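Each remark here refers to the structure printed beneath this line.
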Amino acid sequence: MKKINEIFYSIQGEGYYTGVPAVFIRFSGCNLECDFCDTVHNPGKLMSEQEIVDMVQSFPAKHIVLTGGEPSMQLDDNILSLLKSKGFYLQIETNGTLTSGFDAVTRWCDWITCSPKKNCIRKQMDELKVVFQNQDMSIYDEYSCKHKMLQPCSMQNTKEVIEFIKRHPEWRLSLQTHKYLHIR
Ligand code: SF4
């Protein structure tokens, strides 16, 4: 059984896969308590692996976003292999701070999007996704990734983000388009 906050069908609003129709599985719970967290992820209901698969199969898209909270807290070979066996493309959004669950993630997930928080131990990912808060950006030099995505903080500092990206073109702009569009 997994504690699931919600499963819904929408468009990926941010990051590399912006615009892609996707089924979101939001796992309940996180190992961190970031003060800027804007996701209500703690409430949830227990669902069996089969119930989860049945629900995601009721939507037409084949792209799944495993998100949270911190989804790797609950991910294992059982649920991931079951989803893969149904032909889904698996993208995980993680804070990169956990080891447990990650062996299974690396075995089965097609795409790792990491928004590294303090104590991030994951140094390799497909996509590094960072919220710009005037932090020292050199801290991200240690990460190895295919794409570096930079987001404004709550849509407030877009101009600063664009100026930063123009000076550092290895980064790309990521907008939380679902917030602009008022969709989930
Ligand atoms: S890691 Fe992400 S989900 Fe967890 S508390 Fe921080 S912002 Fe929220």
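No lab work stands behind these numbers, since they all come straight from the coordinates. Since we're looking at a predicted model, the values are computed, not measured. Virtual Cβ from ideal backbone geometry, glycine too; neighbours counted across all protein chains shown.
In the chain, helical runs assigned H by DSSP with n ≥ 4 each contribute -39500 (n - 2.57); averaged across all residues and rounded to the nearest 500, the mean residue ellipticity at 222 nm is -5500 deg cm²/dmol. From the Kirkwood radius over Cα pairs of segment 103-144, Stokes-Einstein at 4 °C and 1.567 mPa s returns a whole-number translational diffusion coefficient of 114 µm²/s. Cross-link partners of LYS123 among lysines, defined as those whose alpha carbon lies under 21 angstrom from its own and excluding same-chain residues fewer than eight positions apart: LYS146, LYS148.
Bridging of LYS3 to lysines at a Cα separation below 27 Å is possible for LYS45, LYS62, LYS84, LYS86, LYS117, LYS118, LYS129, LYS179, once same-chain residues fewer than 8 apart are set aside. For the pair HIS147 and ARG167, a Förster radius of 25 Å applied to the C-beta separation gives a FRET efficiency near 0.90, rounded to the nearest 0.05. In nm, give the distance between the simple-model label positions of TYR180 and LYS123, each being 7 Å from the Cα along the Cα-to-Cβ direction. Each label point is offset 7 Å from its Cα along the Cβ direction, giving 3.6 nm. For segment 44-51, putting each phi into the Karplus relation 6.51 cos²θ - 1.76 cosθ + 1.60 with θ = phi - 60° gives couplings of x, 10, 6, 10, 6, 4, 5, 4 Hz, in residue order, rounded to whole numbers and with x for Gly and Pro. Return the inverse of the average 1/r over all pairs of distinct C-alpha atoms in the chain, which is the Kirkwood hydrodynamic radius, in Å to one decimal. Its Kirkwood hydrodynamic radius stands at 16.9 Å.
A crude spin-label estimate for the pair SER100 and PHE36, with each label 7 Å from Cα along the Cβ direction, gives 2.8 nm.
Here each label is just a point 7 Å from Cα along the line to Cβ, and for LYS86 and MET55 those points are 1.1 nm apart.
How large is the translational diffusion coefficient of segment 114-169 in µm² per second when you combine the Kirkwood radius over alpha carbon pairs with Stokes-Einstein at 37 °C and 0.692 mPa s? Roughly 278 µm²/s, to the nearest whole number. Only beta bridges with both residues in segment 2-181 are counted; by DSSP, about 30 percent of them are antiparallel.
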